[in-house]
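Data first, discussion second: the structure below is written as structure tokens.
Taken together, the values in this text are just the output of simple stated rules run on the coordinates, not laboratory data. What you are looking at is a predicted structure, and each value in this text was computed from that prediction instead of being measured. All Cβ positions, even for glycine, are placed from backbone atoms using ideal geometry, and neighbour counts span all protein chains on display.
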Ligand code: ADP
């Protein structure tokens with residue numbers, strides 16, 4: 001018979017499974033049962049609209065047979081089955097072609113990552129078996145087929161005489177070694193344990209013939225003679241799973257462990273969730289939900305490939321794996337599921353979008369998530385800050401997008417790094433404001449350390465006012481959308497009016513500026529369209545110069561907007577501010593009549609200011625030459 005080859009990637013995964021040092025090889029059973037359950041789901045779904053299926057809900061079951069003599073474990077289902085082509089496509093290739101891109105130093109780490117992130121499905125059978133046989137007959141097909149493989153060398157497909165629709169998977173277990181007792185997977189007790197640990201909530205019965213022994217009824221004489229009773233074996237069919245999904249169990253029955261375990265298994269996350277919530281809503285529509293906040297953002301979370309959504313069940317039947325309409329984008333990091341009896345089972349995807357019940361559920365879920373986050377912020381600050389580190393930017397995007405339509409819902413969930421070296425909420429900021437502080441001050445830059453150095457922050461810090469450090473691209477846009485918080489306006493430290501009363505000093509600077517109007521104009525002229533004007537600074541204390549902007553577009557926004565794709569570039573109106581109390585001002589005065597030299601000074605100071613601001617400079621070589629020349 002023709003030996004077929006696995007696709008290259010599958011081969012690698014298979015090879016990894018065969019040589020696995022993964023510590024939880026037992027998960028193979030969960031994977032096979034989950035596949036069986038999915039297959040039954042599909043046929044059950046069909047049976048609702050197609051009488052030809054000829055099975056009703058109670059007829060569906062998964063069976064496990066353990067044969068200790070032959071050392072085989074067999075798992076069967078009467079689900080949808082696979083055609084020869086499907087056997088070839090589904091088992092010869094792995095679905096997740098991205099799953100092998102992990103590369104870590106540590107083999108176990110890599111395995112954990114791969115197995116954790118994706119759930120390796122069917123191939124996990126090769127962690128415990130030397131040979132795997134899949135016999136399957138697809139619904140609607142006349143012929144059954146047998147797929148056999150002993151690992152990386154390939155597989156064969158041939159016809160089989162199986163008569164009933166469904167799939168049978170036979171594992172020939174590996175020989176026991178000093179480290180691994182594969183034979184224990186044939187042990188009834190061990191199998192029962194695994195089912196209750198991983199597959200308890202599977203909606204179809206997982207059945208097994210379990211042998212027990214019982215004492216044989218003794219005759220009166222034997223009893224009187226005190227003879228020891230003899231025992232006989234008998235077989236009983238047991239259902240190993242409770243079939244009640246976790247989310248339908250009562251909360252009092254469940255432990256933290258159960259929720260966390262369910263999460264790591266179901267959502268293939270190697271990390272425990274940061275937070276979970278079990279929602280039981282008796283109202284209209286009634287629904288149960290399990291919501292989880294992951295502790296780490298998935299590797300693709302900030303990429304286009306990421307798809308938000310919750311699993312959607314209608315009375316225990318999965319109808320959609322990722323229902324995006326259940327989550328607003330800004331809560332897109334939430335994982336979990338919703339189960340409602342008030343949703344029609346054979347509702348189509350297109351209809352779902354317009355389903356009123358679904359909208360009501362989504363609203364209610366959104367509220368729950370918001371409240372959970374608020375609670376966490378209030379009671380578990382450390383946890384919240386670690387959540388913020390992973391997903392905070394998503395909330396800021398939420399404030400900004402849709403022209404700020406959701407800002408009221410989100411503003412109290414925001415955290416900002418402040419000049420006090422910690423994360424603060426807007427409420428904390430405003431509450432701590434001294435009486436005479438008019439505005440909520442913020443400064444923008446690529447890192448807190450960078451902002452710390454900005455000359456523009458000096459005066460405000462000197463007054464003892466706190467400054468919010470905006471370091472993400474979206475920050476300033478979000479703040480612009482908020483406009484104010486508790487009636488306090490946001491103010492960029494670079495803006496013209498800082499609302500700081502210091503009239504005496506301001507008057508003084510103003511007078512000086514008028515006195516030197518010609519010189520400042522000459523400097524501005526020599527800089528051409530680089531700046532809109534050169535002024536004397538009211539905010540600088542020890543630094544010689546800084547760059548600020550006037551008008552709607554700030555320097556930070558210029559940076560962000562110009563980094564986006566598109567030809568249209570924007571330019572902030574730059575203002576070069578010179579510190580009138582700095583020695584450099586005296587120097588400028590001394591050369592004020594030498595227009596060529598004044599121009600060179602203007603150019604050097606302008607470039608210096610750009611450097612401090614973290615902006616690119618036009619011509620580093622020219623700048624360097626200029627510095628040498630003036631020295
Ligand atoms: P996944 O379940 O994540 O898709 P698997 O490797 O476990 O990946 O399975 C690959 C595919 O093989 C499944 O998507 C399904 O189409 C098919 N399959 C596996 N087991 C069965 C089964 N018992 N009955 C029908 N189809 C199955």
If one computes P(r) from the Cα atoms of segment 516-631, what percent of pairs lie at distances over 18 Å? 52 percent
For segment 415-492, what is the percent of antiparallel DSSP beta bridges, rounded to the nearest 5? 45 percent
How far, in nm, would the chain grow between residue 507 and residue 223 when pulled straight, counting 0.36 nm per residue and subtracting the alpha carbon separation? 90.6 nm
Put one equal scatterer on each alpha carbon of segment 246-389, apply the Debye formula with no solvent term, and list log10 I(q)/I(0) at q = 0.12 1/Å to two decimals. -0.48
Compute the FRET efficiency between residue 213 and residue 249 as 1/(1 + (r/R0)^6), taking r as their Cβ-Cβ distance and R0 = 41 Å, and round to the nearest 0.05. 0.80
When a footprinting reagent is the concern and you count Cβ atoms within 10 Å, what order do 416, 306 take, fewest first? 306, 416
Label residue 299 and residue 2 with points 7 Å out from Cα along Cα→Cβ: what is the distance between them in nm? 3.5 nm
The extension gain from residue 260 to residue 621, computed as 0.36 nm times the residue separation minus the Cα-Cα distance, is 124.1 nm
Sort 628, 323 so that the residue with the fewest other Cβ atoms within 10 Å of its own Cβ comes first and the one with the most comes last. 628, 323
Relative exposure of 627, 535, 430, 338, judged by other C-beta atoms within 10 Å (fewest first): 627, 430, 535, 338
Starting from the Cα of residue 386, step 7 Å toward the Cβ, then list every residue of segment 279-313 with an amide N under 20 Å from that point. 291-301
How tilted is helix 256-266 with respect to the longest principal axis of the chain? Cα atoms for both, answer in degrees (0 to 90, nearest 10). 90 degrees
Efficiency by 1/(1 + (r/R0)^6): what FRET value for residue 589 and residue 371, r their Cβ-Cβ distance, R0 = 51 Å, to the nearest 0.05? 0.25
Go from 0 up to the bin containing the longest alpha carbon distance in segment 8-215, width 5 Å each, and give me the % of pairs per bin. 1, 7, 15, 18, 19, 18, 12, 6, 3, 1, 0, 0
Explain nothing, just the number: relative contact order of segment 473-631, from Cα pairs under 8 Å at least 6 residues apart, as a whole percent. 22 percent
Relative contact order %, the chain, counting alpha carbon pairs below 8 Å whose residues are six or more apart: 8 percent
Sort segment 168-274 into rounded, prolate or oblate with this rule: let a ≥ b ≥ c be the square roots of the eigenvalues of the Cα gyration tensor; rounded if a/c is under 1.5, and if a/c is not under 1.5, prolate when a/b is larger than b/c, oblate otherwise. prolate
A chain fully extended from residue 403 to residue 597 at 0.36 nm per residue, minus the present Cα-Cα distance, gains in nm 65.0 nm
Asserting the computed 222 nm helical MRE of the chain (DSSP H runs at least 4 long, -39500 (n - 2.57) per run, divided by residue count, to nearest 500) equals -11000 deg cm²/dmol
Evaluated at 10 °C and 1.306 mPa s, the Stokes-Einstein D of segment 415-492 based on the Kirkwood radius over Cα pairs, in µm²/s, stands at 127 µm²/s
Given N residues in the chain, what is Rg(Cα) / (2.2 N^0.38 Å)? 1.36
Calculate the spin-label point distance for residue 270 paired with residue 175, positioning each point 7 Å from the Cα along the beta-carbon direction, and give it in nanometres. 3.3 nm
State, to one decimal in nm, how far the label point of residue 306 lies from the label point of residue 152, with both points 7 Å from Cα in the Cβ direction. 3.6 nm
Say R0 is 45 Å: what FRET efficiency, to the nearest 0.05, do residue 359 and residue 65 get from their beta-carbon distance? 0.45
hull vol. (C-alpha, convex hull) per residue for segment 1-53, Å³ -> 145 Å³
For segment 189-228, evaluate the Debye formula with one uniform point scatterer on each Cα (no solvent term) and list log10 I(q)/I(0) at q = 0.22, 0.33 Å⁻¹, rounded to two decimals. -0.76, -1.10
What is segment 233-294 by shape, rounded, prolate or oblate, if you read a ≥ b ≥ c off the alpha carbon gyration tensor as root eigenvalues and call it rounded for a/c under 1.5, prolate for a/b larger than b/c, and oblate otherwise? oblate
